[in-house]
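All remarks here apply to the structure that follows.
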Amino acid sequence: MIHIKDLYKSFGNNHVLNGFNLRLYEGENLVVMGKSGSGKSVMIKCLVGLIQPDKGFISVMGKEIKTLDRETLDVLRSDIGFLFQGSALYDSMTVRENLEFPLRRHKRKMGGNTDPEPLVVEALQNVGLADAIDLMPEELSGGMKRRVALARTLILKPKIILYDEPTSGLDPITAKEIIELMRSIQKKYGTSSLIITHDVDCARVISERMVLLVDGINYVEGTFEELNRSTDPKVEAFFKK
Amino acid sequence: MTLYPPLQFYLYLMNTYSPILSGIKRFFIEIGELSYFARRFFKEVLKPPLEFKELLRQCYHMGNRSLFLVLVTGFIIGLVLTLQSRPTLIEFGAVSWMPNMVGISIVRELGPVITALVCAGRIASGIGAELGSMRVTEQIDAMEVSGTNPFKYLVVTRILATTLMLPILVLLGDAIALYGSALVENIKGHVSFKLYFNQVFDALEYGDLIPATIKSFFFGFAIGLVGCFKGYYSKKGTAGVGVAANTAVVFTSMLLFVIDFIAVFITDIFYDL
């Protein structure tokens, strides 16, 4: 589903990605772990064309990102869900309007239906927040915001979901609920997920495969158990309690 | 080692004036970026989708939010201008020219400039802060990822709204300023409102109203453009939101005076002021 090869990105003298490689397969949950500021978020923003890489190859569902024009990129983006770290709900809109917003541009995803209501309700039911439909984002707790953001991501029925630190800033119980929700969504819709996190508990529960991003490269890959057993000091630093 | 004298002079100049030069350089870079932003606006404005609903919402917000402030400011300007001018005009036996003087000065210059400055403080800072916070909280990125063109939805609608609403606010501000002036004349000079406004409309010509209205469109465009530019490219986290709001007001105010100067200069050619 996603293929990244030799990805480079620098901001001035700060070389964030130095030849990063990654493959995400269909239906897979892949976790990318790394320290804060290691370039995880930069990498997934390159995937959806929010940041232009300096060098490298990125292909999503067989389409090379940098060769796409705006129109084709927008169509491709409707197949990629993106859950932002801070939820990124539009704070001047209600929950309903937040969910309807992506549908304005992608009417074909509504299956010719002009009324977005059933899709909005379905997406909110999936995250257990059907009652919050007319609330404003400021009236929601952190966990509820993350759920609504997830519902907004789901409304276009994406084939791939990119999660940028899905549990950051949440208490352990709410974080666990969000992880469970991510698993149930993956099971229900069969999406492929790329999860960026530095939360080891999240990685343990959700990952089928993991990549450690260290010094701008994919330092090591494997399952959670394999990486947890590693004696490499750079790997151990992530897993020791 | 002794340096070649012209080189010594050059180094002296660079050391002394370097901060000033870099400030000037930054200013011109900013002007260049703003011009590029304006060019993008003109490229996007006619492209579908037109986002008409959002445009109407922005027009309502900008007009409605600034109306009270514009009316209060206009009323006070009318009052003060008349009160301040009265003694001098009485001294020269020209107090009967008060409606002509106030009418022309408000319609031609004071009304548009003061309304624009009030709106620069109210609207440009608001847009700068709103878009800045949307940038910082990744809402603009979320729009981009959802396949919506955030420039079209957020920037084009706001610039159009300020461009369309400012002339309306200016006309309302002018009207209330004239009313304030008429009130003073009615109380102090026992001039009836009817006589006062008859004299104002006798004094005014299309040559006063049309250039002022056209100028107001440009003022509105400048307010929206700078507010959006500062907010859309806001950096450095939440601190950057404050900076965006602040610099939007400063930059817009400067730009308004530059536009005013150019507008008066051009009007002078066509209408022989």
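Remarks
- As a summary of the residue check, B:R57 satisfies the conditions (1) among the basic types (K, R); (2) under 28 Å from B:I262 (Cβ atoms); (3) modelled with pLDDT of 90 or more except for the one numbered (2).
- Check on B:R108, basic (K, R), within 21 Å of B:V264 (Cβ to Cβ) and in contact (Cβ under 8 Å) with a residue 60 or more places away in the chain: yes
- Which listed residue, of B:S216, B:S234, B:S253, is within 24 Å of B:R40 (Cα to Cα) and not in a helix (DSSP H, G or I): B:S234
- Within region A:46-74, the residues that satisfy the criterion of being without any contact (Cβ under 8 Å) to a residue 12 or more places away in the chain and at the interface with chain B (Cβ under 9 Å from one of its Cβ atoms) are A:L50, A:R70.
- Total residues in region A:143-182 satisfying the condition of being among the small types (G, A, S) and free of Cβ contacts under 8 Å to residues at least 40 places away in the same chain: the figure is 2.
- Residue list for region B:94-118, filter: within 25 Å of the chain's Cα centre (by Cα) and either of a type in the set (A, V, I, L, M) or at positive phi (or both): B:M101, B:V102, B:I104, B:I106, B:V107, B:L110, B:V113, B:I114, B:A116, B:L117, B:V118
- Residue that is surrounded by 18 or more Cβ atoms within 10 Å (Cβ to Cβ), over 30 Å from A:L103 (Cα atoms), in contact with a Cys (Cβ under 7 Å, 6 or more places away or on another chain) and not β-branched (V, I, T), where the choices are B:L117, B:L169, B:L178: B:L169
- Scanning region B:80-114 for residues that are under 30 Å from B:V241 (Cα atoms) and surrounded by fewer than 24 Cβ atoms within 10 Å (Cβ to Cβ) yields a total of 2.
- Scan of region A:24-41 for residues that are buried (at least 20 other Cβ atoms within 10 Å of the Cβ) and assigned to a loop (DSSP other than H, G, I, E, B), ordered by number: A:S38, A:G39
- Matching residues, region B:132-149, being in contact (Cβ under 8 Å) with a residue 12 or more places away in the chain and either more than 23 Å from the chain's Cα centre (by Cα) or within 30 Å of B:D174 (Cβ to Cβ) (or both): B:M134, B:R135, B:V136, B:I140, B:N149
- Selection count where residues are charged (D, E, K, R) and more than 14 Å from chain A (Cβ to nearest Cβ), scope region B:88-143: 4
- Identity of the residue in region A:75-101, facing chain B (nearest Cβ under 8 Å) and of a type in the set (D, E, K, R), that ends up nearest to the chain's Cα centre (by Cα): A:R77
The values are calculated or read from the model by the stated rules, or taken from the named source; none is laboratory data. From a predicted model like this one, the values you see are computed outputs, not experimental measurements. Because the Cβ atoms are built from the backbone with ideal geometry, glycine has one as well, and the counts that use them run over all protein chains shown.
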